[in-house]
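Asks: Provided herewith is a single structure, encoded as C-alpha cells, for subsequent inquiry.
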Amino acid sequence: MATYTKPSGDELQTLAGEAKTARARITTPKGEIVFTFYPDDAPLHSAAFIKLARAGFYDGLTFHRYEPGFVIQGGDPSGNGTGGPGYNLEAEFNEHPHIKGTVAMARSSNPNSAGSQFYICLGDAPFLNRQYTVFGHVIEGQQVVDQIRAGDPMSAVVIEDGGGEGGNG
C-alpha cells in the first residue's frame with residue numbers, strides 16, 4: 001500500500017500556487033468532469049487533491065455515493081465511505097456556497113477529518129454552507145455529474161494547467 005502525506009511547507013505553497021490556474025479532469029465511462037480550484041480560500045484542500053491526483057490515488061476509484069438532487073461522492077479507496085489517504089486535513093471553511101457544481105471535501109463529524117473523499121453538488125445545498133470545505137467548482141461536464149451513480153468508476157483524475165483560467169472567484 002502506498003503511503004500518502006498531506007502537503008506542507010514549501011510543497012503546500014507550490015501546489016496551492018499551481019492550483020490558481022490548474023484544473024482537475026475526472027474521466028468516467030459517462031464522460032469527463034472538469035473543475036477549477038479555490039486555492040485562496042482552501043489552499044490545503046486544493047493542494048492535497050492535486051497531490052493525490054498526481055500520485056494516481058484516485059485512478060480506478062468509484063463514486064460510492066449518489067443522493068438524488070443532492071450529491072455524488074467519491075475518493076474512498078475502500079469504496080464504502082470509510083477510507084482515506086491516511087491523514088486528515090484541517091478544515092478551511094469559507095464563504096463559497098454549496099450550489100450545483102460545488103466541489104467540497106467530505107468529512108466525519110470531526111471538522112478536521114477530511115482526507116481524500118470529495119463530493120460534487122447536484123443541486124443547491126445551503127444547509128452545508130460553512131460546514132464543509134468548498135475547494136472547487138465544476139466548469140465542464142455538469143451533465144456528466146448529473147448522470148453519475150454509485151459504483152461508477154473514475155478511470156483517471158488528471159491535473160491540467162488551465163492557462164490562467166483558474167477559478168478563485
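Readers should treat all values here as calculations from the given coordinates under stated rules, not as data from a laboratory. Quantities reported herein were computed from a predicted structural model and do not represent experimental measurements. With ideal geometry, Cβ positions are generated from the backbone for all residues, glycine too; neighbour counts draw on all protein chains shown.
Asks: Can you tell which of Ile139, Ile72, Ile120 shows the greatest fluctuation in a Gaussian network model of the chain with Cα springs below 10 Å?
Replies: In the Gaussian network model the winner is Ile139.
Asks: Could you name the aspartates and glutamates in cross-link range of Lys6, using Cα to Cα under 15 Å and dropping any fewer than eight places away on the same chain?
Replies: Result set, ordered by chain and number: Glu90, Glu92.
Asks: For the chain, what is the mean residue ellipticity at 222 nm derived from helices alone (per DSSP H run of n ≥ 4: -39500 (n - 2.57); sum divided by total residues; nearest 500 deg cm²/dmol)?
Replies: My calculation for the chain gives -5000 deg cm²/dmol from helical runs alone.
Asks: Moving on to the next point. For the range 56-169, what's the radius of gyration and Dmax over Cα atoms, in angstrom?
Replies: Cα only, the range 56-169: 13.5, 37 Å (Rg, Dmax).
Asks: Please give every one of the aspartates and glutamates within straight-line cross-link reach of Lys20, meaning a C-alpha to C-alpha distance under 13 Å, and leave out same-chain neighbours fewer than 8 residues apart.
Replies: The reachable aspartates and glutamates, counting only those whose Cα sits under 13 Å from Lys20, are Asp40, Asp41, Glu160, Asp161, Glu165.
Asks: Lys30: which lysines have alpha carbons under 24 Å from its alpha carbon, excluding same-chain residues fewer than 8 sequence positions away?
Replies: Leaving aside lysines fewer than 8 places away in the same chain, those within reach of Lys30 are Lys100.
Asks: Suppose each label sits 7 Å from its Cα in the direction of the beta carbon; what would the Asp10-Asp124 distance come out to in nanometres?
Replies: Distance between label points: 4.6 nm.
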